[in-house]
Structures are given as C-alpha cells and as structure tokens.
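Asks: Have a look at the structure that comes next, please.
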Amino acid sequence: METLLPSRFKRVCVFCGSSPGKNPSYQLAAIQLADQLVERKIDLVYGGGSIGLMGLVSQAVYDGGRHVLGVIPKTLMPREITGETVGEVRAVSGMHQRKAEMARQADAFIALPGGYGTLEELLEVITWAQLGIHDKPVGLLNVDGYYNSLLSFIDKAVDEGFVTAAARQIIVSAPTAHELLCKLEEYVPKHSGVAPKLSWEMEQQLGYATKSDIAR
C-alpha cells in the first residue's frame, strides 16, 4: 500500500453542486475525494449544505474523523441544510462573505462537478490567483470529462490572447481525486500577479476579507 507523506495542506476548500448530478460517477468522485482528504489528514472547508455533492463530501470527511467547516449565507440555510448539520457551520450575511471566508480558511481549492455557483466560485479564486491576491493551488476534478468544455474554452482564451499561457497554469486538473491531490501537492505558481501590491480598498469597503486574510 502506498505510504503518503504529510500533506502541505491543513484545510482544502471544495466547491461542488447542491445537486447530486445524474451520473453516479459524480457522487462516487465526491466520496473518493473525501476519502483522499481523510487519508491525508486534511480538513474540509465547503459551502455548508447537506444536500447533493456538498452533503456527500462533507459527511464522508466528517465520518472519517476530520474537521468540517461549512460556510453558508443565512438566507440559504433553509434551502441547503436538511436534517442535522455536519461539523461546524458558520453562518455569514451573504455570498461575498461566504466566498471570502472559505478562501481565508483554505490552503487549496478543488472543484467537483457543479453548476453556476460552483463555476462562479472556481473562476473567482482563479482570478484572485491571477491578480496576486493568493498563490494557493486551484484544482479541477474533471470527472468523466465533465469540465472538458470549460478547459477547451480557457485554451481558446489563451489562443485568442485573453489569458496568458502562464495564467493558464493556475488551473490544475485531473480525472481522479488521488491524481489531483498529488498534482496540487507539487504545484508551484508559474504566473506573476498583475497587481500584487494593491491594497484592495474596494474589497474592504464592501466587507470582503482583505488580501492578507485570503493569502495567509
């Protein structure tokens, strides 16, 4: 059996759908990701819901003995939490605060299959990396080619001059949780933040976490 070295990550933030998806492979991938986090002694930060892929990954990590932190806007609690909550649930005032708090707490990010919300969260942390707000690894768990079209779109953006080749390397993708986490452990940023010295006054005015909080 493979012996894993201690992980560089204490906590990983997982973005994923509040629906289970039609393909059972998505649900299996969520459980396999949870198993990898438990095996590597990594705690979970996620969107706080108890349904869909969110519910599967959080319950499996919790059952494996790792700490689970769910960050959820108060207005979504009746919709996305059913029955008993899993682990620690931190209620926040809105979506911006949710994303900033999840980013502040995590050492890396992984996106499972999901919809608009998952994509929006994923693309925001990619953009933050591009801007130099953080240099944490960003992983895409490309289950059964779910994100092939997204990756093709980003490659097209590189070809057309809207994304640099270096910034394309921010996204680390793999078809399995084991392979993805191995890649994330080895990740070294290859891009230069376009504005790493900005104070991000607007984010502070809007109540987001500061750059230093997210980059920690």
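The values are calculated or read from the model by the stated rules, or taken from the named source; none is laboratory data. These numbers were taken from a predicted model, which means no experiment stands behind them. Here Cβ is always computed from backbone atoms with ideal geometry, including for glycine, and neighbour counts include all displayed protein chains. Just so you know, the surface numbers come from the protein's heavy atoms only, side chains and all, with ligands and any DNA or RNA stripped out. Shrake-Rupley method; radii C 1.70, N 1.55, O 1.52, S 1.80 Å.
Asks: Restricting to region 127-136, count the residues that are part of a loop (DSSP other than H, G, I, E, B) and surrounded by fewer than 18 Cβ atoms within 10 Å (Cβ to Cβ).
Replies: Total meeting the criteria: 1.
Asks: So which residues in region 125-164 are among the hydrophobic types (A, V, I, L, M, F, W, C) and in contact with a His (Cβ under 9 Å, 6 or more places away or on another chain), if there are any at all?
Replies: Correct list: VAL125, TRP128, ALA129.
Asks: How about region 9-23: which of its residues are at pLDDT 95 or above and of a type in the set (S, T, N, Q)?
Replies: Answer for region 9-23, where residues must be at pLDDT 95 or above and of a type in the set (S, T, N, Q): just ASN23.
Asks: A follow-up question, please. Just one of ASP144, ASP159 is of a type in the set (D, E, K, R) and out of contact with any Ser or Thr (no Cβ under 9 Å at 6 or more places or on another chain); which is it?
Replies: Only one candidate passes the filter, namely ASP159.
Asks: Now, a different point. Determine whether region 94-111 contains at least one residue that is touching a Cys at 6+ places or on another chain (Cβ under 9 Å), small (Gly, Ala, Ser) and assigned to a helix (DSSP H, G or I).
Replies: yes
Asks: Something else about it: In region 31-50, how many residues are in a loop (DSSP other than H, G, I, E, B) and under 18 Å from ARG98 (Cα atoms)?
Replies: Qualifying residue count for the region: 4.
Residues are listed down the side, and each one gets a yes or a no for (1) hydroxyl-bearing (Ser, Thr, Tyr); (2) in contact (Cβ under 8 Å) with a residue 12 or more places away in the chain; (3) in contact with a strand residue (DSSP E or B) (Cβ under 6 Å, 6 or more places away or on another chain):
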| site | (1), (2), (3) |
| --- | --- |
| MET102 | no, yes, yes |
| GLY114 | no, yes, no |
| ILE126 | no, yes, yes |
| HIS134 | no, yes, no |
| VAL143 | no, yes, no |
| TYR147 | yes, yes, yes |
| ASP155 | no, yes, no |
| GLY161 | no, no, no |
| VAL172 | no, yes, yes |
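Asks: Continuing with the same structure: With respect to PRO175, is the statement that it is closer than 20 Å to GLN32 by Cβ, open to solvent by 20 Å² or more (accessible area, probe 1.4 Å) and either at pLDDT 95 or above or of a type in the set (A, V, I, L, M) (or both) true?
Replies: Yes.
Asks: Of the residues that make up region 104-126, is at least one open to solvent by 50 Å² or more (accessible area, probe 1.4 Å), of a type in the set (Lys, Arg) and under 13 Å from the mean Cα position of the chain (by Cα)?
Replies: yes
Asks: Further question: Any residue at all in region 87-103 that is over 20 Å from SER50 (Cβ atoms) and among the charged types (D, E, K, R)?
Replies: No.
Asks: Continuing with the same structure: Go through LEU4, LEU28, LEU53 for me and flag whichever is within 24 Å of THR176 (Cβ to Cβ), open to solvent by less than 70 Å² (accessible area, probe 1.4 Å), of a type outside the set (S, T, N, Q) and part of a helix (DSSP H, G or I).
Replies: LEU53
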